[in-house]
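Structure, as structure tokens:
The values are calculated or read from the model by the stated rules, or taken from the named source; none is laboratory data. What you see is a predicted model; the values in this text were computed from it and never measured. FYI the Cβ positions are ideal-geometry reconstructions off the backbone, even for glycines, and counts take in every protein chain you see.
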Amino acid sequence: MSINFPLLLVLAVAITGVLALVDLLYLAPRRKQAVERYKADTAQTDPAVLDALNKEPLMVEYGKSFFPVLAIVLILRSFLVEPFQIPSGSMKPTLEVGDFILVNKFAYGIRLPVIDTKIIPIADPQRGDVMVFRYPSDPDINYIKRVVGLPGDVIRYTSDRRLLVNEQPVAETLLGEEAGSLGSTLLYREQLGAVEHLIRKEMGRYRIEPDRQWTVPEGHYFMMGDNRDNSNDSRYWADAEIPPELQGMVPDRNIVGKAFAVWMSWPDPKLSHLPSFSRVGVIH
């Protein structure tokens, strides 16, 4: 069973906030009154008694301590920046397994946490953006792919693994073998919209498929991984509960944000393996 962390965070902020508010409006004034009565009725006050009268209930003390921290985390995570870790190799060579990335949560608009309703539109995803989104067939799972098709685009992927957008071939330049692949993988430089980036294609062990074509509906996006022969993306998603014309498409409401930087890499988080910062940089 997956854990809805945003919901838990919102509940934690709400509970600790209520505790802090109850103390401010009700409990703290009562403690102050008790101290004043004690001082008025006692000629020589006992510091231990004063401490006892001023002491906050344990739950209130914890609530007041955690509320500002949790509130700041909620604001940062919901509206500004959220960290993610890359779990698979579908975005190689751009992103490696174990990369820790930062995602801009406001690049495509301000959304309310948990319900993900957009309240302030800012910008639309652009072709070539690396985007985190909730998987259409299971919104509890976050995916990361590259935006290939915008609303209204016609996307075609040919049997010889060429990508066409609105009948125009996407420019790609062969760079050579991927280091350490012994010729099994080739690297290409691709120009997708205004973004120049690397993609990889397998040699000799990829599935040959017929030409396929999709038209991207309004309010949806077509996503692909940079690891073209090892990516579960819009080309392959199928769900019986989704209308045929929306199969493989990511609706705008599922968008989480734009991935913009790698800040650490830790592919094997064990005590014998330390995190690496050699891949720190901007995501293209």
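Contact map, the range 38-50: first residue modelled with pLDDT under 90, second residue assigned to a helix (DSSP H, G or I) and basic (Lys, Arg), Cβ cut-off under 9 Å, separation 6 or more or different chains; pairs are Thr45/Lys39; Leu50/Lys39. Can you find even one residue in the range 243-263 that is under 25 Å from Glu177 (Cβ atoms) and either of a type in the set (Val, Ile, Thr) or at pLDDT 95 or above (or both)? Checked against the condition, which is being under 25 Å from Glu177 (Cβ atoms) and either of a type in the set (Val, Ile, Thr) or at pLDDT 95 or above (or both), the range 243-263 yields at least one hit.
Applying the condition of being in contact (Cβ under 8 Å) with a residue 60 or more places away in the chain and among the hydroxyl-bearing types (Ser, Thr, Tyr) to the range 52-90 and asking which residue is nearest to Ile15 (Cα to Cα) yields Ser78. Considering only the range 182-211, how many residues are touching a Leu at 6+ places or on another chain (Cβ under 7 Å) and either on the phi > 0 side of the Ramachandran plot or outside any strand (DSSP E or B) (or both)? Selection size over the range 182-211: 1. Where helices (runs of 4 or more DSSP H) sit wholly within the range 1-55, those with at least 3 residues that are within 40 Å of the chain's Cα centre (by Cα) occupy 5-22.
Okay, residues lined up against (1) loosely packed, with under 15 Cβ neighbours inside 10 Å; (2) at pLDDT 95 or above; (3) under 10 Å from the mean Cα position of the chain (by Cα):
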position: Phe67; (1), (2), (3): no, no, no
position: Ala71; (1), (2), (3): no, no, no
position: Glu82; (1), (2), (3): no, no, yes
position: Ser88; (1), (2), (3): no, no, no
position: Lys92; (1), (2), (3): no, yes, no
position: Leu95; (1), (2), (3): no, yes, no
position: Leu102; (1), (2), (3): no, yes, yes
position: Phe106; (1), (2), (3): no, no, no
